[in-house]
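A.B. asks: The following block contains the structure, expressed as structure tokens.
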Amino acid sequence: MIIIRGVRHGIIDIPSCAIPEGHTAVIGPNGSGKSTLLRIIAGLEEPVRGCITIGEQSPGESAVGWVHEVPGQNSLFTRVRDEITSPLRFRHLSCDEITSRAAEVAAQTGISSLMDRELATLSGGEQVLVALATAMISKPDILVLDEWDSHLDAPSSAMLQNQLNTGGVRTILQCTQNMDLAASADTIVFLTKGRVKATGTPLDVFGKCIDTCYYPPSWRWREWNLRSKG
Amino acid sequence: MELAFEGVSVTRGSYDIRVSGSFCQGINLVSGRVGSGKSTVAAMAAGILSPDGGSIHRKGISTSMLSFQFPESGLTGSTVKEEVYSYGVHDADTLAMADLSGRGEDDPLSLSRGELKKLSLACVLSRPWDLLVLDGPFEALDCRGKREVCRWIEHRRSSIVILCTHEQHILPRIDALWEFQEHTLVFRGLVPEALARWDLAPTSIKTLISRGTLPFNVSEDDIREAACRIQG
């Protein structure tokens, strides 16, 4: 469980919020503080006021995998294989273990054929996949994904979301502008102007925005299909 | 005006990205999987990448502009206002377009990614261009922002607009559809007939076609109208 108490930082002003384990989607308009909230939870920034705990630990003490909204922003190496294996190399794991884990995570993210490419020659979407594989290779307790899906085509993002949901990571926290993807989460946190406007299950939260463009398009289609078939 | 690709190829690792065909006036949607070659085509169309093979001909095109997939990489101003000036457009109008009135003195890197994307699109779309290349314009925008950008793009129909995007739900009305098959760009045709040949078509369009109704176009209004036709 992630507990947020009295956090003020930049635009973020959250008196209290509890995010359960599982898959949580953070949604909201541009500039509402989604990325700022994720950065604080990932331990990349210390809140000016208040505190966040992840279980019994602070964010800095937790094993967090982070994917930046601008892929390549956190890259350290030029070759895909070096980038992906770097978290394990820094921990001095054996070569065999690193090789086997890299092959596994590359297959999961569909980038086995890119391992010997230079990062600079990859498309934006491919760079996201590399960042995701790098974040996943050390099997973090929490995976924080800052709008990773916006650079991906629909089949790739659906396939990867499925991999993530079944990949054994206890807590996945992601912000997205894809409401269909958000609707597949266990919990939604809807931010506006740095505050939590609504939180709960997708049904709870989206049920209150049925007349807005935040309502998941796939839900509209499902309802339309039911109506049109009588 | 016409932008013609003749037997163009670019080598990327173990494969080639191949493009042949002419982009004409109107909105040309380019669809494709991750890594298929959309940004490569965008870069070649904008003239910032030379092909390894073949040739590109610009007929009647005097001015062109590329909106980058990642606007962070194209920043030149140290304030939002300076960034707007660098495009040679009026700051107050453009800031209002981008919903950033009153934030002209802010560091552009202090904006959220969605805000920065909208700012860069407002700058690009504030001026007329013969050729306008938009690489991933909807990425990071919220649904309201996407709808607004659709309206801006639709006002540029007299230019050659090349719109490379993964967006599935909020799209402008388009004139022509192109799609990557593996790494070869294929002209699917003019809309609406081309929609039936669109492999990566949004679920809504595929559902409508499977039920015997071809939407007139790809905008939200067109999809709703086609759905109403079925419901009667």
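The values are calculated or read from the model by the stated rules, or taken from the named source; none is laboratory data. Worth saying up front: this structure is predicted, and the values here are computed from it rather than measured. Counting neighbours? That spans all protein chains shown, and the Cβs are built from the backbone with ideal geometry, glycine included. Side chains are part of the model used for accessible areas, which takes the heavy atoms of the whole protein and leaves out ligands, DNA and RNA. Shrake-Rupley method; radii C 1.70, N 1.55, O 1.52, S 1.80 Å.
A.B. asks: Which numbered condition trips up B:GLN168, out of (1) surrounded by fewer than 23 Cβ atoms within 10 Å (Cβ to Cβ); (2) at the interface with chain A (Cβ under 8 Å from one of its Cβ atoms); (3) at pLDDT 95 or above?
C.D. replies: (3)
A.B. asks: So A:ASP180 ticks every box in (1) within 12 Å of another protein chain (Cβ to nearest Cβ); (2) open to solvent by 10 Å² or more (accessible area, probe 1.4 Å); (3) modelled with pLDDT of 95 or more but one. Which box is left unticked?
C.D. replies: Every condition holds for A:ASP180 apart from (3).
Listed here are the residues, each with its yes/no results for (1) more than 13 Å from chain A (Cβ to nearest Cβ); (2) among the acidic types (Asp, Glu); (3) open to solvent by 40 Å² or more (accessible area, probe 1.4 Å).
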residue	(1), (2), (3)
B:ILE162	yes, no, no
B:PRO172	yes, no, no
B:ASP175	yes, yes, yes
B:TRP178	yes, no, no
B:THR213	no, no, no
B:ASN217	yes, no, no
B:ILE223	no, no, no
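A.B. asks: Now for a different question. Which of the numbered conditions does A:LEU145 fail, given that it passes all the others? Conditions: (1) under 13 Å from the mean Cα position of the chain (by Cα); (2) within 14 Å of another protein chain (Cβ to nearest Cβ); (3) open to solvent by 10 Å² or more (accessible area, probe 1.4 Å).
C.D. replies: (3)
A.B. asks: Then there's this: Report, by residue number, each residue of segment B:200-211 that is surrounded by fewer than 16 Cβ atoms within 10 Å (Cβ to Cβ) and either touching a residue at least 24 places away in the same chain (Cβ under 8 Å) or in a loop (DSSP other than H, G, I, E, B) (or both). Spell out how you get there, then give the answer.
C.D. replies: Step one: list which residues in segment B:200-211 are surrounded by fewer than 16 Cβ atoms within 10 Å (Cβ to Cβ), which gives B:203, B:206, B:210-211.
Matches in segment B:200-211: B:THR203, B:ARG211.
A.B. asks: Being β-branched (Val, Ile, Thr), within 28 Å of A:PRO155 (Cβ to Cβ) and open to solvent by less than 10 Å² (accessible area, probe 1.4 Å), is that true of even one residue in segment B:110-124?
C.D. replies: No: zero hits.
A.B. asks: Can you run down the residue pairs with Cβ atoms below 8 Å, 6 or more apart or on separate chains, where the first is in segment A:100-119 and free of Cβ contacts under 8 Å to residues at least 60 places away in the same chain and the partner is open to solvent by 10 Å² or more (accessible area, probe 1.4 Å) and basic (Lys, Arg)?
C.D. replies: Going by the 8 Å Cβ cut-off, the qualifying pairs are A:ALA102/A:ARG81; A:MET115/A:ARG81; A:ASP116/A:ARG79; A:ASP116/A:ARG81; A:ARG117/A:ARG79; A:GLU118/A:ARG79; A:LEU119/A:ARG79.
A.B. asks: Still on this structure: Give me a count of the residues in segment B:23-77 that are within 14 Å of another protein chain (Cβ to nearest Cβ), surrounded by fewer than 16 Cβ atoms within 10 Å (Cβ to Cβ) and more than 21 Å from B:LEU125 (Cα to Cα).
C.D. replies: Counting residues in segment B:23-77 that are within 14 Å of another protein chain (Cβ to nearest Cβ), surrounded by fewer than 16 Cβ atoms within 10 Å (Cβ to Cβ) and more than 21 Å from B:LEU125 (Cα to Cα) gives 2.
A.B. asks: Look at segment A:86-101 and say how many of its residues are among the small types (Gly, Ala, Ser) and either under 20 Å from A:TRP66 (Cα atoms) or modelled with pLDDT of 95 or more (or both).
C.D. replies: Final tally of qualifying residues: 1.
A.B. asks: So, in segment A:151-168, how many residues would count as being open to solvent by less than 20 Å² (accessible area, probe 1.4 Å) and either of a type in the set (Lys, Arg) or within 9 Å of chain B (Cβ to nearest Cβ) (or both)?
C.D. replies: So the answer is 5.
A.B. asks: Do we have any residue at all in segment A:178-185 that's more than 24 Å from B:ASP199 (Cβ to Cβ), in contact (Cβ under 8 Å) with a residue 24 or more places away in the chain and not small (Gly, Ala, Ser)?
C.D. replies: The answer is no, given that none of the residues of segment A:178-185 is more than 24 Å from B:ASP199 (Cβ to Cβ), in contact (Cβ under 8 Å) with a residue 24 or more places away in the chain and not small (Gly, Ala, Ser).
A.B. asks: Right, something else. Which residues, counting only those in segment B:121-160, are acidic (Asp, Glu) and within 14 Å of chain A (Cβ to nearest Cβ)?
C.D. replies: Within segment B:121-160, B:ASP135, B:GLU139, B:ASP142, B:GLU148 qualify.
One line per residue, one yes/no per condition, for (1) surrounded by fewer than 13 Cβ atoms within 10 Å (Cβ to Cβ); (2) of a type in the set (D, E, K, R):
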| position | (1), (2) |
| --- | --- |
| A:ARG8 | no, yes |
| A:PRO29 | no, no |
| A:GLU61 | yes, yes |
| A:HIS68 | no, no |
| A:PRO71 | no, no |
| A:GLU83 | no, yes |
| A:LEU88 | no, no |
| A:ASP96 | yes, yes |
| A:THR99 | no, no |
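A.B. asks: Here's another thing I want to ask about it. Just to be sure before I move on: is B:ILE162 under 17 Å from B:GLY26 (Cβ atoms) and not in a loop (DSSP other than H, G, I, E, B) in the structure I sent?
C.D. replies: Here the answer is yes, as B:ILE162 does meet what is asked.
A.B. asks: A follow-up question, please. Filter segment A:31-51 for residues that are more than 14 Å from chain B (Cβ to nearest Cβ), open to solvent by less than 10 Å² (accessible area, probe 1.4 Å) and farther than 15 Å from A:ARG170 by Cβ and give the result.
C.D. replies: Keep residues of segment A:31-51 that are more than 14 Å from chain B (Cβ to nearest Cβ), which gives A:40-44, A:46-51.
From the residues that got through so far, the ones that are open to solvent by less than 10 Å² (accessible area, probe 1.4 Å) too are A:40-41.
Once the filter is applied, which keeps residues that are more than 14 Å from chain B (Cβ to nearest Cβ), open to solvent by less than 10 Å² (accessible area, probe 1.4 Å) and farther than 15 Å from A:ARG170 by Cβ, segment A:31-51 yields only A:ILE40.
A.B. asks: Please work out if A:VAL196 is modelled with pLDDT of 95 or more, under 29 Å from A:GLU61 (Cα atoms), surrounded by 15 or more Cβ atoms within 10 Å (Cβ to Cβ) and away from chain B (no Cβ under 13 Å).
C.D. replies: In short, yes.
A.B. asks: Still on this structure, please answer the following. Which one of these is part of a strand (DSSP E or B), within 14 Å of chain B (Cβ to nearest Cβ) and at pLDDT 95 or above: A:VAL7, A:VAL26?
C.D. replies: The conditions single out A:VAL26.
A.B. asks: Among what's in segment B:188-199 and is small (Gly, Ala, Ser) and in a helix (DSSP H, G or I), pick the residue that is surrounded by the most Cβ atoms within 10 Å (Cβ to Cβ).
C.D. replies: Per the stated criteria, the residue is B:ALA194.
A.B. asks: Let me ask another. Is at least one residue of segment A:203-214 over 28 Å from A:ILE3 (Cβ atoms), open to solvent by less than 40 Å² (accessible area, probe 1.4 Å) and over 13 Å from the mean Cα position of the chain (by Cα)?
C.D. replies: yes
A.B. asks: Filter segment A:111-134 down to the residues that are within 20 Å of A:LEU88 (Cβ to Cβ), open to solvent by 40 Å² or more (accessible area, probe 1.4 Å) and within 9 Å of chain B (Cβ to nearest Cβ) and list them by number.
C.D. replies: Listed by number, the list holds a single entry, A:ASP116.
A.B. asks: Which residues, taken from segment A:205-230, are among the hydrophobic types (A, V, I, L, M, F, W, C), over 20 Å from B:PRO202 (Cα atoms) and either at the interface with chain B (Cβ under 9 Å from one of its Cβ atoms) or not in a loop (DSSP other than H, G, I, E, B) (or both)?
C.D. replies: A:VAL205, A:PHE206, listed by residue number.
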